[in-house]
Amino acid sequence: MNERPDLGPRKAAVLHAVVEEYVRSGEPVGSETVAERSSLGVSSATIRNELAALEELGYLSHPHTSAGRIPTDAGYRHYVDTLPAAGRLREVQRRAIATHFAEAILDLEEVLKGSVQLLGRLTQYAGLAVPPGATDEQLVRLELIDMGPTLMVLAVGQHGRVDKRVLDRPEGLMPRAVTQAEERMQVARGLTYGEAQARLLKLAAASSGASHDLMLMVADVLRAATVGSRSGHVVVGGVANLADETQTWRRETLRRLFETLEREQEMVRVLQDVADDDEVRVTIGAEHPSTGDWEASIVTAPFKAGDATVGTIGIVGPTRMDYLSAMASVRAVAERLSELASELDD
């Protein structure tokens, strides 16, 4: 976006009043409303002049059917950039987050599914998360479980990733062969998924009979975890909240967003583009081609195990968003996910 001149204190206060009133009401905001709802201590005529100046600077636009103004992407950006860094959570939000993580099981993928639903409830937008990928994640458990007519392969990564697959039991396979194969597989613990797959393929090449077949089966489970949709996917929750925004979003832009949410790999790329490795990031409208098409904003934050970023969590909603609440909610959930991921890493 083009650099814009700094605003003086009064213009900034008027802009913030317009943004907050428009987020609250969804209606274009006029000078009388700003005068009534703000504590600027100036006349409606003065505010009217400031609104005109802000429009000329590109921070506000003027719908032709109304005397009021609405924020542009640049207006929202100025507002977001001057919000307090810590943000604030309402007490009901704080309790909901605490309850969710108090009940969380130590399976990060399952926790993420609940976390995006939680963000959807807290913000009334759609929650999004990119779980840890398997490519560079080390295996902490690799099991071959005898379930009678079937076998189950269970792989657990260091950051809480869980991959399971139930396989048909090879005809004539003896229980002792399953036990022996699982014992040999333990050389893969501590290796990444890719390294473990290569190690098991070498073991298979040096084996025969049932052991050869079982090593190949487990190696294929690890391969499947690092390719296709399982290698990078998006967990989505609360999408129905977006349908409630049809009054503020045109039907066409909402349709484009829904289509992208269904195309998982495209959504992964969008989130990778807008994510930040260190802090909460807000992407507004045309700041990214996809959010520009949707007339949407995305608020994201990384979650980490120690100093290593292992995934991304956030929300997507209309540019007419309660940014302060959204940023505080995303930040708080990301911090709790980081605590959980670090615990799993230990």
> Which residues, taken from region 185-197, are buried (at least 16 other Cβ atoms within 10 Å of the Cβ) and part of a helix (DSSP H, G or I)?
Replying inline: M185, A188, Y193, G194, A196, Q197
> If you check R48, R37, which single one turns out to be basic (K, R) and modelled with pLDDT of 90 or more?
Replying inline: R48
>> Out of E252, E259, I need the residue that is of a type in the set (D, E, K, R), closer than 20 Å to G26 by Cα and part of a helix (DSSP H, G or I). Which one?
In response: E252
>> Contact list please: Cβ distance under 6 Å, first residue in region 89-102 and of a type in the set (V, I, T), second residue surrounded by 11 or more Cβ atoms within 10 Å (Cβ to Cβ) and part of a helix (DSSP H, G or I), pairs at least six apart or on different chains.
In response: I97/A332
>> I'm checking my understanding of the structure. Among residues of region 294-327 that are polar (S, T, N, Q) and in a strand (DSSP E or B), which one is farthest from S342 (Cα to Cα)?
In response: S297
>> Which numbered condition in (1) out of contact with any Pro (no Cβ under 8 Å at 6 or more places or on another chain); (2) assigned to a helix (DSSP H, G or I); (3) modelled with pLDDT of 90 or more is the only one that L128 fails?
In response: (2)
> When the residues of region 275-289 are filtered to those that are surrounded by 14 or more Cβ atoms within 10 Å (Cβ to Cβ) and modelled with pLDDT under 90, which remaining residue is farthest from the chain's Cα centre (by Cα)?
Replying inline: D276
> Taking region 290-324 as the search range and keeping residues that are more than 23 Å from H233 (Cβ to Cβ) and within 16 Å of the chain's Cα centre (by Cα), which one is modelled with the highest pLDDT?
Replying inline: Y323
> Taking the stated definitions as given, is A155 closer than 22 Å to H233 by Cα, assigned by TED's automatic domain parsing to the domain that holds L222 and touching a Leu at 6+ places or on another chain (Cβ under 6 Å)?
Replying inline: yes
>> Return the residues of region 81-134 that are of a type in the set (S, T, Y) and either surrounded by 17 or more Cβ atoms within 10 Å (Cβ to Cβ) or touching a strand residue (DSSP E or B) at 6+ places or on another chain (Cβ under 9 Å) (or both); say none if nothing qualifies.
In response: S115, T123, Y125
> Across region 141-162, which residue is modelled with the lowest pLDDT among those that are within 30 Å of D307 (Cβ to Cβ), part of a loop (DSSP other than H, G, I, E, B) and not small (G, A, S)?
Replying inline: H159
> Are any of the residues in region 148-161 closer than 24 Å to S207 by Cβ and among the charged types (D, E, K, R)?
Replying inline: no
> Can you tell me which of V239, V270, V218 is surrounded by fewer than 19 Cβ atoms within 10 Å (Cβ to Cβ) and among the β-branched types (V, I, T)?
Replying inline: V239
> Which ones in region 198-208 are part of a helix (DSSP H, G or I) and loosely packed, with under 12 Cβ neighbours inside 10 Å?
Replying inline: A205
> Of the residues A67, A52, A74, A17, which single one is surrounded by 12 or more Cβ atoms within 10 Å (Cβ to Cβ), within 25 Å of the chain's Cα centre (by Cα), over 22 Å from L122 (Cα atoms) and not assigned by TED's automatic domain parsing to the domain that holds S338?
Replying inline: A74
> So which of A104, A85, A98 ends up being in a helix (DSSP H, G or I) and either of a type outside the set (S, T, N, Q) or closer than 18 Å to V333 by Cα (or both)?
Replying inline: A98
> Quick check: anything in region 171-178 under 24 Å from G306 (Cβ atoms) and either without any contact (Cβ under 8 Å) to a residue 60 or more places away in the chain or outside the structural domain of L324 (by TED's automatic domain parsing) (or both)?
Replying inline: no
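The values are calculated or read from the model by the stated rules, or taken from the named source; none is laboratory data. Small disclaimer: the values here were computed from a predicted structure and weren't measured. Glycine also receives a Cβ, built like all others from the backbone with ideal geometry; neighbour counts cover every protein chain displayed.
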